[in-house]
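What follows is a short report on a single structure.
Bear in mind these aren't lab numbers, they're just calculated from the coordinates by the rules spelled out. Computed from a predicted model, the values in this text were never measured in an experiment. Cβ coordinates were reconstructed from backbone atoms using ideal geometry, including for glycine residues, and neighbour counts include every protein chain displayed.
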Amino acid sequence: MVPGFGGTNQQLARARPETVQSASMKRRLWMVVVMLLAACTAKTQPPVFPATVAGAWQMKGSQSFPAASAPELIRKIGTRGWWSATYEGPGSATVELYELTSSAGGL
């Protein structure tokens, strides 16, 4: 006899597969729900580069690029996309911003 169970061992053996199956189905249901929620996340908005930096640098233009066009090293780390902005002032500067697939990749 199993403590807390009023039936026979044979009844326990019959009840057990249903309990295991029920727990397995609940686990699968939760996994499907989590995957659906993850798939429905909003796409990242492109960054807004400032029009003026330090009063002397003026933005001349900005662009967004697909992840596949990122430099090879950045693609190996893992990137979702990247953006570039060009500034002119006492010289010229290009700023590149990469959205990485993991925060550890930025280190």
> What net charge is computed for the residues neighbouring T52, neighbours being all others with C-beta under 14 Å from the C-beta of T52, Lys and Arg scored +1, Asp and Glu -1?
Replying inline: 0
> Which value in nm describes the separation of the simple spin-label points at E72 and V95, placed 7 Å from the Cα toward the beta carbon?
Replying inline: 2.9 nm
> Summing +1 for each Lys or Arg and -1 for each Asp or Glu, what net charge is found among the other residues whose Cβ lies under 14 Å from the Cβ of A85?
Replying inline: -1
> So how strong a dipole does region 42-107 carry about its Cα centre when Lys and Arg Cβ are +1 and Asp and Glu Cβ are -1, to the nearest 20 debye?
Replying inline: 180 debye
> So, counting K/R as plus one and D/E as minus one, what does the shell of residues with Cβ under 13 Å around L100 add up to?
Replying inline: +1
